[in-house]
Every structure is written in structure tokens, then in C-alpha cells.
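Some notes on the structure that comes next.
The values are calculated or read from the model by the stated rules, or taken from the named source; none is laboratory data. Just so you know, these numbers come straight off a predicted model, no measurement behind them. Virtual Cβ from ideal backbone geometry, glycine too; neighbours counted across all protein chains shown.
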């Protein structure tokens, strides 16, 4: 290769890297993507192709390093240039007024002080060190003086810039909170349940565990993000206020929670903001457990200084706990469609955050051992992050000695087959393909809205299908006759015809929904869409090799092995052939697309009558836009139906354009 041709490749690599960093910043930090996921994937593939041929071009700042590097043997200590202090806690208005009085007393003033109010995210604190604008280290808080170097894992998080922008300081250490949004957490748990895997207790535990993985590729597979809130060290002049500090961080390319951070002219305003934040807590897209109050002036912060473990200029106002005590009365076993057997605690009903809770996930027997929980125990139950509550801990001092251990089962509760627990699994599995519980869960998944969308085939109807022995596989759904359905309780001609029509209509579902409906382990809705975009047809996917699957940057060895094994299994090939003969011939959906809403963000709220949120989202995405579940300064339009609540109020406060359903349809050209 000539010198000139290599320089051209270097230039192409540099331009691709700049483009990918720019689009990652637009997507992860600003929530304002300029290109589609598919276009991003194409740019990323070009970069990987160059680096595969010229590995000498790979640097620590390359976008390719987001996917994770080689596994680590362990974490090394990382000393903080400035200690990462804890915050003193306040639990009520009186505590906040006492804090205000202490600050004024220390400063020898009676004048009102301006404070900054930030939501206290329930995540993991980290310190990010940059030199000449490049990320050189990421570390956990640890004991405040020394943490752990988790740089390789930090690099995989898209919202953390590898290269700063816009007149950044030459040396900088930024403090932030890494967390996982609730929608992402719920989707991950739902996918794991569907795959028969163990679910996670709450977003914070999952975040902490993800950051301490020795294999960065596993960290890269988790949907983590960050909110930056401060500076530990900086070369050059500090901003004059903490508000300006946050604005500077945002300008340099960091994700900052500016849309919800507010200044307060005095402590009474702080208290009002604390009450308001507590009121809207449940509407936020992430977990918070309080509000952080900081003296806004940096000069006053420096004058106030710190005590041994906490700064004098900040305090954390905690929210009331969403936990209650109750009794674990018994344990029932659930069998998933992959045969995974998981334990669920039956609880003495208790009200937690206004909701009556009578059951809680125990996840798996490793978690049962960790909690040392037994039947009859008094336990602390928490509603946080997921629909299913969790047992946080056992109140051991209330034990009477009559509590019974929860043994891992040896036989399937549905079919009595022997359970097998593989060495790399956290739950035992039923190996019987004809297990009625497995079939029931497979049918439920296959008929669900995001899969084949067979309306009218819910839990009760599927139970009757199994009880009457009308189905023994998914394919049997398409063999049902009118007279079969008349055996159902309260099934008339009209309902039977409607159900048969829904089954027939499902034969035309798009390929991505069909692949998701098959229930292939580790393949959720998003990955099904990624796979279809690349392979276009079921035949091409079924013939794909492991190497071909691994070319997709969102697919790792676990997913590729699962897909190859699924399509290699004789019973699965027979099932697909049966479905084909019954008229199920799914095709890739060709979407009519445009760029009318390129880079625009829509939020749908309230009760919509002319279209569903799902339909509205599809219309927006078809024109290059994006639908979000929460309102922020980045939102361009809020489409409000009747009974719209806090999202509409926030949109009005932020001056965001509000559309009625008719306005939206007119805007999109369907009015």
C-alpha cells in the first residue's frame, strides 16, 4: 500500500469517527438524533471494516471501543484528586430550615441565599478524568478517597463523551451519576422473563453490577446513561455559579439534567420545590430518592468548605421510603416458556405507596440464599423500578424459629419432569418440550400484541384451549374451527367469528413481529427489528452462520448461538414448515418513509381517540421523528388527548408546542 493511499484511509477513519461521535452525542445526550439507527449502523460498519484491515488505527477514542474490549482480570485502585464526599441527609422541612440557618451562621449573614435544586438520582456515582479533551479514566466513588478504575466499562456508555467539544479545559474531572431509565429497565426485565432468565431487583443494583463486570462487552449490552452534576478538578477558572457550571458541562458535551434543575431564591422556595418534586416523582423516567440542595454561588461553596465527610454547602433532602413490612406466607413456582422455573413470594397483603401488594419476585435461589429468606419471615417489601415488587431484606430479629427454608425444586411443578440447572444458569429448567406450563407461556407470548397480535386470545381463552386439548403447539392455533370454539364458556357465533378473523389476520404480521413471536432466547423486540433490517427474509436468517450474525454490532456470541441453535433444531424447522403450509408467510415490512420530522421529538399524552399511541409513534417514526415517554426542553411537540396530566402541564411551562389529535393528523398530512 502506498503512503498516499494509507493517508486516505486514515482520513476516512478520522471523518467516520467524528461523524459517529457527533451522532452518538445527538442521540444519547441531546435526545435529538439527526440520522436513523440504520444509517448509524452503516457508518459504524464502515469504521469496523477499516479497523479490521488496519488495527493500528484503533485508539481509545475510537467509537468502536464503545462495544467493549477484552475481559479484565480485576479492577485496580483509583485515587481521586479531590475527595468524593457524601451528603448530609434531611428528612423534612425542619431539617432543611436548620441547614439554611447553619449555612447563614457560618457565613455570618441573615440575607436570603440562592440555592440550586437537583433531583437525587438513584444510581452510581463516578468520576471521569479528561486530558486535552480525551477521556483517560473513569472511576467509582469507592470510599470517597479511592475508588476502582472502571475505564473500559465507562467507555461503553454512549452518553459519556470520549472526546470533549467547544473550548473545553485542558484538564478536567467531572462527577456524575450513572443510572438506567425505568423504561429500559422494565424492557430488560421483560425480555429476561420472556427468555426464562432471572430478573433484576431494581435499576440501581443492575447499574452497579453492570459497571463492575470484568467483561466490558456485558456492560456495553446494558442500557446505561449518566447525568453529570459537578466538577472535582479543573484547569482554568471555575464558573461563578453551580447553574453556570452545569451549563458549561452541557456545552462541553456532557449529559446534564438541566430540564428539571431549578434555582431557588430562598429556603422557602426550596421547600416548595421539594414538595413539587415529590409530587411528580412517579412521572419521571428514572428513579429518584430525594432532592439535592446546593448553595448556588461557587465562591460561597469554597468559603463554606467541608467537614470530614460532607460538604457544608449541600444537603440531600430524602423522600419517604416506598417500603413496608409484611409476612412471607408461601412460595409458588412459575414455569416460563423456555422451561425456567422461578420462585414468587405470596405475601400477607400490605399497602405500599398506595398500592396493595400481595406477591413479590424472589428472582432465583441464589437470591433467596443471599437474602437468607424463609417462609414465615417478616420481610421488607419495596416498590421501585418495576411492576413486580421486591423483597429488600429480612427482619431477622422478628424470627420465631418456626420459619421454613425455601428449597430449590427437583421436579417441574406443572409436569413432574426432572429439572436441570446448568452451571452457567441461575434457575433450573424443565426439559420437557410438551410441558403444559411451557406451552401456555409460549402461546401467551405468541399471541401478545407486540408479537402476532391475536386479539381475544388472552389467559382465560388459552387456559380453555389447553384444558379442552384443542392445541398442542403454536401451529394448532391456525387449525382451530368454529365448532372448536363453541366448546368455550360463553362463546357465541359472533365472538367465535371475531376470534377466527383475528387468527387469520395474524398471518400477515410483519417478519420482525413473527421472529419475536417465536420466542427465541435472547431475541427481544428490538433485536428482532435489527435482524430483519439486515437479513430481509426468514430464509436468509435461518441460513445465517454465526460469523454472519456477529457482523451486526448489536449481536454478540450469546444471541448468535441462540439463533443458530434455534434454526438448526429439527422440531423448530418442522414447526416453521407447518406454519408455512398453514399460510403464515411473514415478509419484511416496507414502510413509507420521509424526513418531514427528521430530528423532531414527540410526546403523546392523555386519552387518545382517533389513533393509539402506538399508531402515533409509527407515523412519527415513518417521517424520521422520534417518540419519547417524557417531556423535556428537547421535546418539540406534545400531542395531548383528553385528561392529559402532568406532561401537558410541564409542556405548557416549557413553552413547547401542544397539538390536539386533529392538529397532529393535519400536521402529518392525514387531517
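Would you confirm whether any residue within the stretch 469-477 is over 30 Å from residue 511 (Cα atoms) and either surrounded by fewer than 18 Cβ atoms within 10 Å (Cβ to Cβ) or within 31 Å of the chain's Cα centre (by Cα) (or both)? Don't jump to the end; show me each part of the working.
Going residue by residue through the stretch 469-477, those that are over 30 Å from residue 511 (Cα atoms) are none.
Within the stretch 469-477, none of the residues are over 30 Å from residue 511 (Cα atoms) and either surrounded by fewer than 18 Cβ atoms within 10 Å (Cβ to Cβ) or within 31 Å of the chain's Cα centre (by Cα) (or both).
Contact annotation: residue pairs with Cβ atoms under 7 Å, 6 or more positions apart or on different chains, pairing a residue in the stretch 1-22 that is assigned by TED's automatic domain parsing to the domain that holds residue 61 and touching a residue at least 60 places away in the same chain (Cβ under 8 Å) with a partner that is surrounded by 10 or more Cβ atoms within 10 Å (Cβ to Cβ) and not in a helix (DSSP H, G or I), are 21/162; 21/163.
Would you call residue 587 closer than 30 Å to residue 503 by Cβ and surrounded by 12 or more Cβ atoms within 10 Å (Cβ to Cβ)?
Working: closer than 30 Å to residue 503 by Cβ: yes; surrounded by 12 or more Cβ atoms within 10 Å (Cβ to Cβ): yes.
Yes; evaluated as a whole, the condition is true for this residue.
Selection of the stretch 115-132 for residues being surrounded by fewer than 20 Cβ atoms within 10 Å (Cβ to Cβ) and more than 30 Å from residue 269 (Cα to Cα) yields 131, 132.
Quick one: which residue in 535, 566 is within 29 Å of residue 479 (Cα to Cα), out of contact with any strand residue (DSSP E or B) (no Cβ under 9 Å at 6 or more places or on another chain) and at pLDDT below 90? Walk me through it before giving the result.
Details: 535 fails: within 29 Å of residue 479 (Cα to Cα).
Residue meeting the stated conditions: 566.
Residues checked against (1) touching a helix residue (DSSP H, G or I) at 6+ places or on another chain (Cβ under 6 Å); (2) in the same structural domain as residue 368 (by TED's automatic domain parsing); (3) farther than 23 Å from residue 93 by Cβ:
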residue	(1), (2), (3)
284	no, no, no
298	no, no, yes
302	no, no, yes
305	no, no, yes
342	no, yes, yes
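Condition (residue is closer than 30 Å to residue 106 by Cα, in contact with a strand residue (DSSP E or B) (Cβ under 8 Å, 6 or more places away or on another chain), surrounded by 17 or more Cβ atoms within 10 Å (Cβ to Cβ) and at pLDDT 90 or above) applied to the stretch 302-310: is it met by at least one residue? Within the stretch 302-310 (the criterion being closer than 30 Å to residue 106 by Cα, in contact with a strand residue (DSSP E or B) (Cβ under 8 Å, 6 or more places away or on another chain), surrounded by 17 or more Cβ atoms within 10 Å (Cβ to Cβ) and at pLDDT 90 or above), the answer is yes, since at least one residue qualifies.
Output the residues belonging to the stretch 311-326 that are surrounded by 15 or more Cβ atoms within 10 Å (Cβ to Cβ) and either under 11 Å from residue 352 (Cα atoms) or free of Cβ contacts under 8 Å to residues at least 24 places away in the same chain (or both). Walk me through how you get there before you give the answer.
Taking the stretch 311-326 first, the residues surrounded by 15 or more Cβ atoms within 10 Å (Cβ to Cβ) are 311-319, 322-324, 326.
Passing the criteria: 322, 323, 324, 326.
Condition check for residue 259 on (1) buried (at least 20 other Cβ atoms within 10 Å of the Cβ); (2) in contact with a helix residue (DSSP H, G or I) (Cβ under 8 Å, 6 or more places away or on another chain): one failure, at (1). Determine whether residue 547 is at pLDDT 90 or above and either surrounded by fewer than 13 Cβ atoms within 10 Å (Cβ to Cβ) or under 23 Å from residue 438 (Cα atoms) (or both). It is false that residue 547 is at pLDDT 90 or above and either surrounded by fewer than 13 Cβ atoms within 10 Å (Cβ to Cβ) or under 23 Å from residue 438 (Cα atoms) (or both). Would a scan of the stretch 524-532 turn up a residue that is over 23 Å from the mean Cα position of the chain (by Cα), outside the structural domain of residue 217 (by TED's automatic domain parsing) and surrounded by 21 or more Cβ atoms within 10 Å (Cβ to Cβ)? Checking the stretch 524-532: not a single residue is over 23 Å from the mean Cα position of the chain (by Cα), outside the structural domain of residue 217 (by TED's automatic domain parsing) and surrounded by 21 or more Cβ atoms within 10 Å (Cβ to Cβ).
Going by the structure shown, is residue 505 without any contact (Cβ under 8 Å) to a residue 60 or more places away in the chain, surrounded by fewer than 20 Cβ atoms within 10 Å (Cβ to Cβ) and either more than 23 Å from residue 466 (Cα to Cα) or touching a helix residue (DSSP H, G or I) at 6+ places or on another chain (Cβ under 9 Å) (or both)? Spell out how you get there, then give the answer.
On the way: without any contact (Cβ under 8 Å) to a residue 60 or more places away in the chain: yes; surrounded by fewer than 20 Cβ atoms within 10 Å (Cβ to Cβ): yes; either more than 23 Å from residue 466 (Cα to Cα) or touching a helix residue (DSSP H, G or I) at 6+ places or on another chain (Cβ under 9 Å) (or both): no.
Taking the combined requirement at face value, the residue does not satisfy it.
Criterion applied to 615, 609 was being free of Cβ contacts under 8 Å to residues at least 12 places away in the same chain and at negative phi, and the one residue passing it is 615. Filter the stretch 327-361 down to residues that are under 19 Å from residue 399 (Cα atoms) and crowded, with 20+ Cβ neighbours inside 10 Å, then give me how many there are. The total comes to 3. State yes or no: is residue 157 touching a strand residue (DSSP E or B) at 6+ places or on another chain (Cβ under 6 Å) and either surrounded by 18 or more Cβ atoms within 10 Å (Cβ to Cβ) or more than 30 Å from residue 340 (Cβ to Cβ) (or both)? No: the conditions fail for residue 157. Restricted to the stretch 308-376, the set of strands (runs of 3 or more DSSP E) holding at least 2 residues that are within 30 Å of residue 439 (Cβ to Cβ) and under 24 Å from the mean Cα position of the chain (by Cα) comprises 341-352, 355-361.
Report whether or not residue 176 is outside the structural domain of residue 342 (by TED's automatic domain parsing), buried (at least 22 other Cβ atoms within 10 Å of the Cβ), closer than 29 Å to residue 237 by Cβ and touching a helix residue (DSSP H, G or I) at 6+ places or on another chain (Cβ under 7 Å).
Working: outside the structural domain of residue 342 (by TED's automatic domain parsing): yes; buried (at least 22 other Cβ atoms within 10 Å of the Cβ): yes; closer than 29 Å to residue 237 by Cβ: yes; touching a helix residue (DSSP H, G or I) at 6+ places or on another chain (Cβ under 7 Å): no.
Considered against the rule, which asks whether it is outside the structural domain of residue 342 (by TED's automatic domain parsing), buried (at least 22 other Cβ atoms within 10 Å of the Cβ), closer than 29 Å to residue 237 by Cβ and touching a helix residue (DSSP H, G or I) at 6+ places or on another chain (Cβ under 7 Å), residue 176 comes out as no.
Filter the stretch 596-627 down to residues that are more than 20 Å from the chain's Cα centre (by Cα) and closer than 11 Å to residue 664 by Cα and give me whichever is surrounded by the fewest Cβ atoms within 10 Å (Cβ to Cβ). My answer is 610.
Of the residues in the stretch 6-41, how many are within 24 Å of the chain's Cα centre (by Cα) and either modelled with pLDDT of 80 or more or in a helix (DSSP H, G or I) (or both)? Show your work before the answer.
As a first pass, look at the stretch 6-41 and keep what is within 24 Å of the chain's Cα centre (by Cα): 20-41.
Narrowing the set further to residues that are either modelled with pLDDT of 80 or more or in a helix (DSSP H, G or I) (or both) leaves 20-29, 37-41.
Qualifying residue count, the stretch 6-41: 15.
When 457, 495, 500, 465 are screened for being more than 22 Å from residue 558 (Cβ to Cβ) and touching a helix residue (DSSP H, G or I) at 6+ places or on another chain (Cβ under 6 Å), only 457 passes.
Within the stretch 514-540, the set of residues being in a helix (DSSP H, G or I) and more than 19 Å from residue 581 (Cα to Cα) comprises 516, 525, 526, 527, 528, 529, 530, 531, 532, 533, 534, 535.
Do you know which residues across the stretch 54-99 are assigned to a loop (DSSP other than H, G, I, E, B), buried (at least 18 other Cβ atoms within 10 Å of the Cβ), touching a helix residue (DSSP H, G or I) at 6+ places or on another chain (Cβ under 7 Å) and at pLDDT 85 or above? None - no residue of the stretch 54-99 is assigned to a loop (DSSP other than H, G, I, E, B), buried (at least 18 other Cβ atoms within 10 Å of the Cβ), touching a helix residue (DSSP H, G or I) at 6+ places or on another chain (Cβ under 7 Å) and at pLDDT 85 or above, so the list stays empty.
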